[in-house]
Amino acid sequence: MISRLIRLLNISEENAKVLAAKIDQRVLALEPEGLSKKKALKTVLKEFGWSNKNIEHFVYGPPKR
């Protein structure tokens, strides 16, 4: 997750670790609502203001060519 954050957002490793911890914490908080991990991750990233393109790239990886 950290390497994807660094690549997508062009941030330092320290900032990526902090953001990854925040994302993980928020995803775990959504688990009792019955959402799958991918759906919860998409919801959290949407709350952080990410674009749909970046969300899909982050959750499923880069597009196949």
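List of remarks:
- Of the numbered criteria (1) modelled with pLDDT of 90 or more; (2) assigned to a helix (DSSP H, G or I); (3) not aliphatic (A, V, I, L, M), the one E31 fails is (1).
- Set K64, K53, K42: member being assigned to a helix (DSSP H, G or I) and open to solvent by 90 Å² or more (accessible area, probe 1.4 Å): K53
- Selection within the range 1-39 - of a type in the set (K, R) and surrounded by 13 or more Cβ atoms within 10 Å (Cβ to Cβ): R4, R7, K17, R26, K39
The values are calculated or read from the model by the stated rules, or taken from the named source; none is laboratory data. All values reported here derive from a predicted model rather than from experimental measurement. Using ideal geometry, Cβ is built from the backbone for each residue, glycine included, and neighbour counts are taken over all protein chains shown. Areas reflect the complete protein model, heavy atoms only, side chains present, ligands, DNA and RNA absent. Shrake-Rupley method; radii C 1.70, N 1.55, O 1.52, S 1.80 Å.
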